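Beneath this line is the structure, given in C-alpha cells, with notes to follow.
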Amino acid sequence: MQATLNITNLSKSFDQGKVKALEDVTFHVNPGDICAVVGESGSGKTTLIRLIAGLEELDSGEIHIENHLVASIKKNVAPEKRDVGMVFQEYALFPHLSVLDNVVYGIKKSKSKKDTALETLDLVGLKGYEKRYPHELSGGQQQRVALARALAPKPSVLILDEPFSNLDAMMRYRLRNEVFNIIKKTGVTAIFVTHDTQDALAVADEILILQNGKLVQKDEASALYKKPQSIYVASLFGNTVQLNKGLQTAFKCPLKEDCCHAIRNESITVNQDCDYVSEAEILKRTFLGTHSQLLLKLDNGEHLTVVTSEPVLGNTIKIGFNSKDVLAFDE
Amino acid sequence: MNLKNRFFKLKRDLNRWSLLLLLILGIVSVPILTIGFKLFGGPGESWNHIVDYVLFDYLKNSFLLALFCSVIVILFGVTTAWLVSRFEFPFRKQLEWLLILPLSVPAYIMAYAYAGVFGYSGLFSKLMEFFGNGDFRIEVMNIYGLSLILSISLFPYVYVSSRTFFLAQATNLLEASRMLGISEFKSFFKLIFPLARPAILAGLVLVLMEVLNDYGAASYYGVSTFTTGIFRSWFSLGEPETAIYLSAILLLIVFGLILFEKWQRRHLNFTAAKTSKQNYNSRIKPKKANQVWFSVICFVPVFLGFVLPVIQLLIWLKQTFASVWTVEFISVTLESFGIAFLTASITVLFALLLLFFTKWNKIELLKSSSKLGVLGYAIPGIIIAIGVLIPSLYLDKWLIEKNITSKLILNATLIALVYAYVVRFLAVAYQPLESSSLKIDRSLSDSSKVLGKGNFKTFFKIEFPLIRVGMLSAFILVFIDILKELPLTLIMKPYDVNTLAVKAFEYASDEMVSSAALPSLLIILTALIPAIFLNKLLLKNASNS
Amino acid sequence: MQKIIYLLLISVFVIGCKSDNKKETENELTVYTHRHYESDQELFKRFEEESGIKLNIVNASADELIQKMNLEGEQSPADVLITVDAGRLYRAKSQGLLQSFSSKLVDSIVPNYLKDEDGQWVGLTKRARVVAYAKDRVDSTQLSTYADLATEKWDNKILVRSSSNIYNQSLLASIIANQGEEFAEEWAQGIVENMARAPKGNDRDQVKAVANNEGDLAIVNTYYIGKLLNSEDSSEVEAGKSVNIFFPNQETTGTHINVSGIGVAKYSPNKEAAIQFIEFLLQEEAQNIFAGSNFEYPVNPNVEPAEILKSWGDFKEDNLSLNKLGEYNKEAVIIFDKAGWK
C-alpha cells in the first residue's frame, strides 16, 4: 500500500518537440510521504502527474513505482495497470453513476466491493449519500467522493491535481486538513499539484518546485521557505523584493553581489529598530481590516509596498529589516 | 531525438489499437485506393479534348454552385437556428422540428417537383393566371434554381449543427454581451457568428460534399458540373479512366475543403472542449410584430424545402396512384427500411471504431491520418461502386478458384452493397460522433483508466452512455441518407431486393415523373419518423448539458 | 419504441427471406435490363408462366450494367442484356461482353439493319427521333430535313435536351455516318445557334416548352409524345395536343430511328434459355404488348403499332445499319462538346 516513487531524467515535449513541457526531471518520493508539486501555470506540473499516471507517454527517462519500471522509452505500462489513484481537478465524477457506483467503479475484488465502497465513503464523511448523483452534491462533497473513489481501490500512489482550486476559501481550509488527515490515515504515498503554496506548506512533507519544465528545488516545507534557491522560488511563497543597487543604497546595506539577494515583504518592519533602516514617504494607504497596506516612496525614488498591523501616523515612516531575514541565492 | 530512440518509441507506442485502426482505415480505404491505383493507368484518349473544351465549364459551374449553396445554406440554416434557439415566437416549437424535414426529400425528387411547380401549367403559372398575370414565369431549371434546390434540401445539416451550438454554449456569452449594451442583433454578428463558425463549417462541409456529388438534379437542370462530367466521360465517351481522373480532381478539391475546415478551427478547440454548465437558456420575447416576422422567416425554408415539393408530389400522386400502386410497395418499403437500418447500424459501428481506435492509438502520425477514412462521402456513389466491385470481385474469383465457394458470395449480395454504403457514408456518421465525444471531459475517461479499467471497459461504462445521443443522431442521418441513395444502390443491389429510391428512379428516368410520386412520398414518410426523433434527441440533449 | 422494434424485426425478416432463395438452378435466367416499364413486368411474368424459367431481373442504366458485366467477367450471372439504344449494345459488343447466337425465328422476323452484323444483338422495338412542332405557329411545309433545322430560318426556335442524352448522340452519329464528320460539326453548331434556350430537362419537357411558347420545334422521340397524350396529368395531354409530329428526311435518307435491343451475354450460364427468351420477345404476343403500352414501333412487321402512332402515318426509316450509331458515338460526343451543346 505504501510505495516509493522514483523519477529519473524525465522529459516530455509536445507538437513534435516544439513545446518542451518537462526537461530532465529527477526526484524521489519516500513511502507514505505527501509531496507537493508547485509551479506557475505552464511550468509542467500537470504533464508530470499525467506521465506518472500513465496518461501520457514520456520522451526519455524512467518512472519506477515501488521498484517496478512503469515507463521508459521502451516500455509503457497502461494507466489501468499502474496501481495509481488520481483525484482530478474538476473531480471528473461520472455523471451517470450514483455516488456509490462511482466509488465501486475502481474496486477490483468482487466479493466485498460494496462494503469497501461504503467504508471509504464513511472515511470521507459521506455516509448516507451513496444513492445521490454527482450533480446533487455540493462542490466539497463532490471533492470527497472523488477522493473516496480514488482511495477505494487502495492504490500505492495517489495523485491529486489542484484538488482545492474549485472551492471557496473557507471550504478550502477545512477540506484541506480533512483530506490530508484521511490520506495520512491510509498511509498512501501522495503527490499533489497546486499553484497555491499555502496548501503545499500546510500539508506536504516535501515540496517540489517546477519552473519552465525544470525541477528547480525540492526540499522540506520549512527549509524551502527559509532558504529558497532562486527569486522565483521565493516569490512563490509570498511577495518578495529583490535587493537591487538602489534599495541597497537606500537601506545602507552593502551586500557583496548585486543580483542574488532579496527580502520578503513580510520581513520588512515599520517603525522598529532593525539592522538596516530607511525613511519613506507614504503615497497611499489601503485599509485591509487587521492590516494596512502602504505604498511607499524611498529617498532615492524607489517604490515599495509593505503590510503592517501597527497604526501609522504622519506622512513619513521609518522602515527596516534584519540581516538574518535577507535571502541569498546561489545564482 | 535520435533514430534509435524514435524506433524504440514507435515500438512502445504501437499497440493493438494502432493495428486495429490501420485495419479499419484499410477496410474503408480499399475502394478509394483502388480508384487511386487506377490513376496510374493514365486518363483515356479524350482527356485532352475534355481539358480543351469542357473542364473549365465543369470547374466554373461546380465552383459557382458551391458558392451559391454556401451562401443560401448559411443564410437559411444559421438564421433559423439562431431564431429558434434565442427567441420565443408563435409556432416556435413546431418550427423547430419542421426545419429538419427538408432533409427527408431527396434532392433529385425536389428538382423534379420544382420543375413541375414552375414549369408548363404548373402550380405557379396557375397561381399567376389567378392573379391575371398568366405570362409571368420563373425559370428554375438553371444554375440558380439548382443552387436553391440543393440548398433547401441540404440546409438542415447546417441548421442542426449550429442550433446545437447555440443551445449549448451561446447563452452566457450573449448575456454578457447584452450587459455591455450591445443589442441582440449586433451580438449575433460580432460574437455568435464568429464563435459558431466551427459548428457552421462542420455542417457546411457535409453540404458541400453532397452538392459536389449531386448528379440527378444537376443533369436534369442541364448544369454541367464535375459529377455530370464524370458520368459523361464515362458513359458517353466510354472512358472510365477519364472519369476516374475527373473524380480524382474532385477528390483533391474536397480534401482541400476538409483540410481547410481543420485548419480554420485549429485555435478553436475550446468551443468543443467545454459546454457551459448554465441551465437551459431563457428565450427573449420580441415585440408582437417581430414575433410574426420570426415565424414567417422560419417558415420560408420549411415551405420551400418540404411543403411545396410535397404538395406537388401529392398532386402527382392523385393522378397516378391508381395505376402505380401495388401491394409490392409495402414490401419494398420494408426492404428499404431494413437495408437502411442494417447499414446505418454498421456504419455507426465503423465510425465508432474509427473514432475510438484513433483515440486509443498512441502514434501521432496515425492519429492525424484517420480523417482519410471519411473521404468516401465526397466520391460519387458510382465511383465508389467501382472501387468496391473491383476488389470484391477479385476476392470472389479467388475464392472460386480455390474451391472455397462455388459462386459469387460478395457481389450481388447485401455484403458488397452494405460495404459500399459504409465507405460512402462514414463521414455522415463520424461528424456527430466526433463532436459529441469531444464534449466529454477528457478527465472522465482518464479517471476511469486510472481506476483500473481498460479502454474497452471505459468505453462501455463511461463514454458509451455519454455519447449515446451523438450515436443516435449519427445513425439517423445515415439512415436517411441511405434511404435516398441511388447510383450505388442501382449497381450493387441484389436482384430481388428493391428500394424506394430505385423505384422512384425507374419512373423518373422513363420520364414518368408523376408516377415517381408514390415511392418518393414513401421515402419522405420513412425518413420523416427518424428526423422527428432526431429533433427530440437534440432538444433533450441540450436541456441536459 | 416497442413498435419500432417489431417493425425492424419484420423488415429484417423480409430481407432475410429474399436473400435466402438465391440458389442458382438450370431453370433461371438473369436479365440485365435498362428497360423498366410496367409493360415489361407483364411480359416477364408471362414468359415465366409459359416457359417455367425463373427470371432474375437486374435493373439499372445500360452503362452501369455494362460496367458491371465488365468487372464480373467470366463469373457474370448475366444471360442477356437489354438496352434502350443501339449504341450501348454496340459498346457491350466491342468490349467483348456479348456472343453471337443464331435463331431462324429471329432472322425471319427482324430485318438486317436492325440487327448486329455478327448476330450478337437484335432490336426489340423502334423509336423515331422526330420534330414536334407547334400546331399554331409552324407551317409544316417549311419543315424538311434534320439539316434544315440548323439553318437560320429556325433561329431561336429549337428546343432539344442535353447532349449527354444517348438519343441525341445517336442522331448525330447517324448524321456523321450519312453525311460525314465535317457536315455533322456544322450541323451541331447550327442547332446550338438556333436553340431557344440552353438544353435542359427531358424529352417531355421539350414538348411542354413548345406548349409554353418558349420555342417552336422540339426534337424528341416518338413514344414520349404518345405518353404525353395518354398521361393522367391533363396539362401533359394539353401539351401533347399542342404539337404535331413531323418525320424529317423523308425525301432523303429517311427518319433517324433507334432501337431498344437485346444481346446474349458472353458468359451466359444458360444460353439456350436466353435465345428462348429473345424469341419470345420478338413474337406477336410480346410485340403486341410492347406496341400497345409503350408507344414504340414493334420490330415484328406482323404487329401493328398503337393507334396514335398509326395516326401519324407511315414514314420512311433511315436504313443505316444501327452498328454505325455505336461506332460514331464517341465522335458525336466530341463534336457536341466542341459545338458547345451542353
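Taken together, the values in this text are just the output of simple stated rules run on the coordinates, not laboratory data. Given the structure is predicted, the values throughout are model-derived calculations rather than measurements. Here the Cβ positions follow ideal geometry from the backbone for every residue, glycine too, while neighbour counts run over all protein chains shown.
Pairs from the table (A:184/A:227; A:109/B:453; A:18/B:9) lying more than 19 angstrom apart at Cα are A:184/A:227. 3J(HN,Hα) couplings calculated from phi for region B:224-232 with the Karplus curve 6.51 cos²θ - 1.76 cosθ + 1.60 (θ = phi - 60°) are, in sequence order, 8, 10, 4, 6, 5, x, 4, 5, 5 Hz; Gly and Pro show x.
Neighbouring Cβ atoms from other chains, within 10 Å of the Cβ of residues in B:457-464, number 2 on average.
One compactness figure for region A:240-328 is 1.03, namely its Cα radius of gyration divided by 2.2 N^0.38 Å.
Please list the equivalent ellipsoid semi-axes of region B:415-524, computed as the square roots of five times the alpha-carbon gyration tensor eigenvalues, in descending order and whole angstrom.
On the way: eigenvalues 332, 40, 18 Å².
Over the Cα atoms of region B:415-524, the ellipsoid semi-axes are 41, 14, 9 Å.
For chain B, state the average projected area of the convex hull of the C-alpha atoms over all orientations, rounded to one decimal in nm². Don't skip to the answer; put the middle values down first.
Numbers: hull surface 124.0 nm².
Here the figure is 31.0 nm², rounded to one decimal.
Taken residue by residue and averaged, Cβ atoms of other chains lying within 10 Å of the Cβ of C:72-85 number 2.
Hey, got a sec? Which chymotrypsin sites (Phe, Trp or Tyr not before Pro) in region B:121-161 land in a DSSP loop and have at most 13 other Cβ atoms within 10 Å? Sparse-neighbourhood loop chymotrypsin sites (Phe, Trp or Tyr not before Pro): B:131, B:136. Annotation: amide H of residue B:120 has no partner in the under-5 Å range at sequence separation 5 or more or interchain, hydrogens built in the peptide plane. One equal scatterer on each Cα of chain C, no solvent, Debye formula: the resulting log10 I(q)/I(0) at q = 0.09, 0.13, 0.15 Å⁻¹ is -0.52, -1.00, -1.25. For region A:183-199, backbone phi angles converted through the Karplus equation (6.51, -1.76, 1.60; θ = phi - 60°) give residue-by-residue couplings of 4, 4, 4, 6, x, 6, 6, 10, 10, 9, 9, 8, 9, 9, 6, 4, 4 Hz, Gly and Pro being listed as x. Distance from the Cα centroid of region A:169-228 to that of region A:271-317 is 32 Å (rounded to whole angstrom). Helical runs (DSSP H, four residues minimum) scored at -39500 (n - 2.57) apiece and divided by the length of the protein assembly as shown put the mean residue ellipticity at 222 nm at -16500 deg cm²/dmol.
For chain C, with only Lys/Arg (+1) and Asp/Glu (-1) charged at the beta-carbon, what is the dipole magnitude about the Cα centre, in debye rounded to 20? Please list the in-between numbers first.
On the way: 36 positive and 52 negative charges, 150 e Å.
Dipole of chain C, to the nearest 20 debye: 720 debye.
The lysines whose alpha-carbon is closer than 25 Å to the alpha-carbon of residue C:342, local same-chain residues fewer than 8 away aside, are B:60, C:153, C:157, C:200, C:208, C:324, C:330.
Distance from the C-alpha centroid of region C:27-62 to that of region B:428-494: 42 Å, rounded to the whole angstrom.
Based on alpha-carbon centroids, what's the gap between region B:65-82 and region C:221-239 in Å, whole number please? What the calculation gives is 38 Å, centre to centre. Amide hydrogen proximity for residue C:85: with H placed 1.01 Å from N in the peptide plane, the residues at 5 or more positions away or on another chain lying under 5 Å are C:261.
Sorting C:203, C:139 by the number of Cβ atoms found within 10 Å of their own Cβ, with the fewest placed first, yields C:139, C:203. Per residue of peptide C:227-239, the mean number of Cβ atoms on other chains within 10 Å of the residue Cβ is 4.
Between residue A:158 and A:85, A:189, A:190, A:191, the built amide H atoms are under 5 Å apart, and every one of these is 5 or more places off in sequence or on another chain.
Quick check: convex hull of the Cα atoms in the protein assembly as shown, volume per residue, rounded to a whole Å³?
Numbers: hull volume 276.2 nm³, N = 1218.
Roughly 227 Å³ of hull volume per residue.
Sequence-ordered 3J(HN,Hα) estimates for region C:176-187 from the Karplus curve with 6.51, -1.76 and 1.60 and θ = phi - 60° stand at 4, 5, 7, 10, x, 5, 4, 4, 4, 5, 4, 4 Hz, glycine and proline given as x.
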